[in-house]
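Take a look at the structure set out below.
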Amino acid sequence: MALKLPIYMDHHATTPVDPEVLEAMLPYLTEVFGNAASRNHSFGWAAEEGVEKAREKIAQLAGCKPAEMVFTSGATESDNLAVKGVAWAYREKGNHIITCKIEHHAVLDSCKRLEKEGFEVTYLPVDKDGLVDPEDVRRAITERTILITIMYANNEIGTIHPIAEIGRIAKEKGILFHSDAVQAFGKIPCKVDDLNVDLMSMSAHKMYGPKGVGALYVRMGRPRVKLVPIIDGGGHEKGHRSGTLNVPGIVGFGKACEIAERVMAEEAMRLRSLRERLKKYLFGNLDYVHLNGHPEKRLPGNLNVSFEFVEGESILMSLNRDVALSSGSACTSTTLEPSYVIMALGVREERAHSSIRFGLGRGNTEEGVDYVATRVVESVRKLRIMSPLYEMVLQGVTLATS
Ligand SMILES: *Cc1c(COP(=O)(O)O)cnc(C)c1O
């Protein structure tokens, strides 16, 4: 079969809607159009039933009670609700929050906002592989700490943080623990009790569901988490999040979770093997390449590589008609700033400028991986011919590289 171009390899930014998901959603965009909050007629009941069935599927994948799932417009909102909602609800108890430098902007910017209101935030560093040390979390805790928020898997370098361990420390100290699990949910096991989390953010469009719908897990017992809502109104979702529910979106999210439950283990194995194939080709055919993130503790579909002496952007530009890749997160791709995530690994700025994120997903094949691998190698070689620095290195000049 001929390879279909362009090849999409940017699954951390978003994923296509699975055909099964679309099929599940369609009736809720047409005949089952009721408002799930309409209690007086069958249109409302049918919509509500769709929502509640979806809630059960999502809760099952997260290993929690359906009632502990709060639907939102996506993980940006879930992160805002978790961080601000906890901060505002517990401000009598304390004003200190612990997070880390490589969180998603939805968490970082919520923390920045809270700092303007008088909260104090500790931004923990990561090691050279992009991992948070649980002992750093322990050391950062004070009498005033009310929330720890550390993501499960990073969206740029794919690193999987030791969440269960951090959660254990939080529990021991009686501090609430939130995790942005967007990149992990549906890809690797995410059971809230195994991870020791009290709040967890999820998004449908990162796992083959539709855009504009997400959820926040909010623990109901031991401890019961209190939240101040960020959206006021009709008191939907137990008062945590007002607003008419996105019924088709939620139904699609539920279906996406059901599929993930079924295919996750096998898909992870397949993507890991594709990822290793890609890595092997790149590292075998180019010199001066560096892996960003941990070699093993990373998402199966994530590979992040720096190609010294070339700009990541230039590689992307030379390929963007045939291959969809990204140099960092989608949110920062409009700026020319180097990735703050790669910079947090303690490397030189050049390395951050020369990085590319490969995000493998359900639609990628061996054939597609081989195509991308050869095209990237070809592009890097071409670009390096134009690099005076690379020329110098070839002639034996030693440069400070990393
Ligand atoms: C995509 C993403 C978000 C934001 O999710 P949306 O549903 O697009 O708002 C938050 N955190 C991480 C880690 C992400 O990858």
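The values are calculated or read from the model by the stated rules, or taken from the named source; none is laboratory data. This is a predicted model, so every value here is computed, not measured. Neighbour counts run over all protein chains shown; Cβ positions are idealised from the backbone, glycine included. Ligands, DNA and RNA are stripped out before the accessible areas are found, and what is left, the full protein with its side chains, is counted by its heavy atoms. Shrake-Rupley method; radii C 1.70, N 1.55, O 1.52, S 1.80 Å.
Summarising the overall dimensions of region 271-402 from its C-alpha atoms, the Rg and Dmax are 14.3, 44 angstrom. Using a Förster distance of 56 Å, how high is the FRET efficiency between Thr244 and Leu389, based on the Cβ-Cβ distance and rounded to 0.05? Efficiency at R0 = 56 Å is approximately 0.50.
Note on region 137-282: Cα-Cα pairs beyond 25 Å make up 38% of the total pair count.
Please give the contour-minus-distance gain from Glu276 to Arg362: 0.36 nm per residue of separation, less the Cα-Cα distance, rounded to one decimal in nm.
Numbers: separation 86, 0.36 × 86 = 30.96 nm, distance 1.58 nm.
Contour length minus Cα-Cα distance gives 29.4 nm.
The C-alpha atoms of the chain define a longest principal axis, and helix 19-29 lies at about 40 degrees to it.
With a ≥ b ≥ c the root eigenvalues of the C-alpha gyration tensor of the chain, is it rounded (a/c under 1.5), prolate (a/b larger than b/c) or oblate? Provide the component values of the computation, followed by the final result.
Values: a/c = 2.28, a/b = 1.38, b/c = 1.66.
Note, shape of the chain comes out oblate.
The mean accessible area for residues of the chain, using a 1.4 Å probe and ignoring ligands and nucleic acids, is 44 Å² per residue.
Each pair of Cα atoms in region 19-259 enters the Kirkwood radius, and Stokes-Einstein at 4 °C and 1.567 mPa s then converts it into a translational diffusion coefficient of 72 µm²/s. Taking Cα atoms only, the orientation of helix 366-385 departs from the longest principal axis of the chain by about 50 degrees. Between Val247, Val305, Val376, the Gaussian network model of the chain with springs among Cα atoms under 10 angstrom shows the greatest mean-square fluctuation at Val376. Which of the listed residues, Ala13, His236, Leu291, is farthest toward the dipole's positive end in the chain, when Lys, Arg count +1 and Asp, Glu count -1 at the beta-carbon? Farthest towards the positive pole: His236. Using only side-chain charges placed at the Cβ, +1 for Lys and Arg and -1 for Asp and Glu, the dipole size of region 19-259 relative to its Cα centre rounds to 500 debye. So how tilted is helix 42-62 from the main axis of the chain? Cα-based, degrees 0 to 90, rounded to 10. Helix 42-62 sits roughly 50 degrees off the main axis of the chain. Could you name the aspartates and glutamates in cross-link range of Lys382, using Cα to Cα under 18 Å and dropping any fewer than eight places away on the same chain? Straight-distance partners of Lys382: Asp287, Glu308, Glu311, Glu313, Asp322, Glu391. One Cα centroid belongs to region 216-258, the other to region 51-117; the line between them spans 11 Å. Pairs of Cα atoms in region 70-128 fall into 10 Å distance bins, from 0 up to the last occupied one, in shares of 22, 53, 23, 2 percent. Taking only the Cα atoms of region 30-111, the ratio Rg/Rh comes out at 1.12, with Rh defined as the Kirkwood radius.
So if I place +1 on the C-beta of Lys and Arg and -1 on the C-beta of Asp and Glu, and nothing else carries charge, what would the dipole magnitude of the chain be about its Cα centre? I want it in debye, nearest 20. Don't jump to the answer; show the numbers that get you there.
Values: 49 positive and 52 negative charges, 101 e Å.
In total the dipole reaches around 480 debye.
For Arg298, enumerate residues with amide H under 5 Å from its amide H, sequence gap 5+ or separate chain, H modeled in the peptide plane. The answer is Ile160.
Rounded to a whole number, what % of the accessible area of region 19-259 do carbon and sulfur atoms account for, probe 1.4 Å? Spell out each step's value before the answer.
On the way: 5030 of 9610 Å².
Answer for region 19-259 is 52 percent, counting heavy atoms of protein chains only.
Which longest run of the chain has no exposed loop site in it, a site being GluC sites (Glu not before Pro) in a DSSP loop with at most 14 other beta carbons within 10 Å, and the site itself not part of the run? No qualifying site falls inside 144-295, the longest such stretch.
When only the Cβ of Lys, Arg, Asp and Glu is charged (+1, +1, -1, -1), the dipole of region 68-198 relative to its Cα centre reaches about 220 debye.
Note on Val228 and Asn285: the extension gain reaches 15.1 nm, defined as 0.36 nm multiplied by sequence separation minus the Cα-Cα distance. In plain terms, the chain from Lys116 to Arg321 could stretch by 69.5 nm, reckoned as 0.36 nm per residue minus the Cα-Cα distance.
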